[in-house]
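S.K.: Structure below; questions to follow.
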Amino acid sequence: MRLVIQEKKNDVAEYAAGYVMNKIKEHEEKNTGTLFLMGLPTGSTPEGMYKKLIELHQDPANEFSFKNVVTFNMDEYVFPSGTTPCAKNPNSYHYYMWNAFFQHIDILPENVHILDGDVADMDELAKECEKYERIIKGYKKKIDIFIGGIGPDGHVAFNEPGSSLKSRTRVKTLNYETMLANTKHMAAVEWDPEAEDPISKVLNAKNRGPRYSHNNGDTSERKVVPDKGFFVPTKRGNAPSVPRTALTVGVGTVMDAHEVMILVTGQPKALALSKCIEEGVSHQWTVSMVQLHEKALVVCDKPATSEMRVKTVDYYQNLYSLHMQAVEGAFESGYESEVAQEVTPAESSKAKGVMPPPAKKKAPKQVEADNTGKLLGAVGLGFALGLGAMFICKK
Ligand code: PGA
């Protein structure tokens, strides 16, 4: 597992966005005829990455498209009260994703998959989860990269402490801490029978065609809830009802991906990060399962390292610096060592001519400084030897 420590939250966002873009471009260049599959998180941690990805996508110099990208979101709430208004609620992850990301990029709506909490009862919810797993399998390849955030209790997606580390997509009860943490994202809402669908509104405003599709393909099992209206934010400021239940991919679903990238920012996540990095795999800190993944990358900011030992932080920072020198060196010389392949060309700006993760700029400077020193030393030595030779000859 790799740990990349960046200075600030924004640096984590830049690094992650650059990494994802390079992965998608690499996939396109390989021209395998397959789609690029991504698992995506919601929450405050990935917001910056989505913003940056939009910027990179909208910069024509990058020639960066999502047309061949398929996404699977990690989770969705099952909202209390009323019928089952998950995708009709501005607090839903459907709304978050369309509002913050999908409406700004050229992804095809049918390639977007988000679990659907809009079903009537527990049986339907369970079926929805099974269907989600079937849809992932239906692509007949691994998810290329699953990106996740973590909770202060070390959860990944809504796999709360005590979740099976082999779990698949299922209905989960949220723990009290998670519900409390979620309140900060929740606007107070009330049911309005006349209200417009908030997600279609976002799409229509951008002229993005049909309403998002719920897990395209097999829709026969989906029960249409024959109600009208949507939950809308209210100005009255009454306490929002925080969902107690959610649908979530399992730890096993995330770990099946070809690569897993976990983003961790802020001091409140510091204990969870230290458990994940410095202690063993435990169902009490479900994110620690990344230790058993063949290709896991954790990107964090400095505040998130505050519970780790100084020695651990130093170790990973030094390793990263050496790693970047190796990657840059390998690509500069045109020599693709095993290390360079292992550590992925996605990190080399020189290889792809695209935005580098911020911290890596330091590595080449270091190399240049070292080489300059050596060069000056060699010139100095040559000069001294020359003088010595002249002196001997004169004698
Ligand atoms: P946050 O949530 O990014 O809003 O902190 C992450 C999570 O709970 O997985």
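Read-outs throughout are calculated quantities, based only on the coordinates presented, and are distinct from any laboratory measurement. Keep in mind the model is a prediction, meaning the values are calculated, not measured. Backbone-built Cβ (ideal geometry, glycine too); neighbour counts: all protein chains shown.
S.K.: For the residues Glu294, Glu14, Glu177, what sequence is obtained by ranking on other C-beta atoms within 10 Å, fewest first?
M.R.: Numbers: Glu294 9, Glu14 23, Glu177 14.
Exposure proxy ranking, most exposed first: Glu294, Glu177, Glu14.
S.K.: How are the alpha carbon pair distances in the range 44-196 distributed across 5 Å bins from zero to the largest one, expressed in percent?
M.R.: The calculated distribution, bin by bin, is 1, 7, 15, 20, 20, 18, 11, 5, 2, 0.
S.K.: Under the Karplus relation 6.51 cos²θ - 1.76 cosθ + 1.60, θ = phi - 60°, what is the ordered set of whole-Hz ³J(HN,Hα) values for the range 189-201, x standing for Gly and Pro?
M.R.: Karplus values, whole Hz, x for Gly and Pro: 10, 9, 6, 10, x, 9, 5, 7, 4, x, 7, 4, 4.
S.K.: Can you list residues whose amide H is under 5 Å from Leu40's amide H, if they're 5+ apart or on another chain and H is modeled 1.01 Å from N?
M.R.: Phe72, Asn73, Met74, Ile147
S.K.: Can you give the net charge of the other residues whose Cβ lies under 12 Å from the Cβ of Leu247, counting K and R as +1 and D and E as -1?
M.R.: So the surrounding residues net to -3.
S.K.: If neighbour count is taken as other Cβ atoms inside 10 Å, put Glu76, Glu307 in order from fewest to most.
M.R.: Ranked by crowding around the Cβ, least crowded first: Glu307, Glu76.
S.K.: Can you sort Ile107, Ile147 so the residue with the fewest Cβ neighbours within 10 Å comes first?
M.R.: By the 10 Å Cβ count, ascending, the order reads Ile107, Ile147.
S.K.: From Cα pairs below 8 angstrom and at least 6 apart in sequence, can you work out the relative contact order of the range 14-85, rounded to a whole percent? Write down the numbers at each step before the final one.
M.R.: Working: 52 pairs, mean separation 28.9, N = 72.
Relative contact order for the range 14-85 comes out at 40 percent.
S.K.: Next question, about the same structure. In this model, which of Lys30/Lys140; Lys269/Lys295; Lys9/Lys127; Lys131/Lys275; Lys52/Lys302 are farther than 29 Å apart at the alpha-carbon?
M.R.: Beyond 29 Å between Cα atoms: Lys9/Lys127; Lys131/Lys275.
S.K.: With Cβ to Cβ distances under 9 Å as the rule, what net charge do the other residues near Thr178 carry (K, R +1; D, E -1)?
M.R.: With Lys, Arg at +1 and Asp, Glu at -1, the neighbours total -3.
S.K.: While we're on this one: Could you list which residues have their amide H under 5 Å from that of Asp106, counting only those 5 or more apart in sequence or on another chain, with H placed in the peptide plane?
M.R.: Answer set, sorted by chain and number: Phe66.
S.K.: Here is a follow-up. Length gain on complete extension for the stretch Leu108 to Lys295, per 0.36 nm per residue less the alpha carbon to alpha carbon distance?
M.R.: 64.5 nm
S.K.: Set the Förster distance to 25 Å, then compute FRET efficiency between His185 and Gln267 from the Cβ-Cβ distance, nearest 0.05.
M.R.: Working: r = 19 Å, r/R0 = 0.75.
For R0 = 25 Å, the calculated efficiency reads 0.85.
S.K.: Between Lys142 and Leu165, what FRET efficiency comes out of the Förster formula 1/(1 + (r/R0)^6) with R0 = 25 Å and r the beta carbon distance, rounded to 0.05?
M.R.: Once the sixth-power term is evaluated, E becomes 0.85.
S.K.: Turning to a different aspect of this structure: In whole Å, how far is the Cα centre of the range 143-192 from that of the range 30-55?
M.R.: Cα centres, the range 143-192 to the range 30-55: 19 Å.
S.K.: A follow-up question, please. Could I have the simple spin-label model distance between Lys302 and Glu26, label points 7 Å from Cα toward Cβ, reported in nm to one decimal?
M.R.: In this crude label model, Lys302 to Glu26 measures out at 2.9 nm.
S.K.: Next question. Which FRET efficiency value, to the nearest 0.05, do you get for Ala326 and Glu194 by plugging their Cβ-Cβ distance into 1/(1 + (r/R0)^6) with R0 = 51 Å? Let's see the in-between values first.
M.R.: Details: r = 61 Å, r/R0 = 1.20.
Efficiency at R0 = 51 Å is approximately 0.25.
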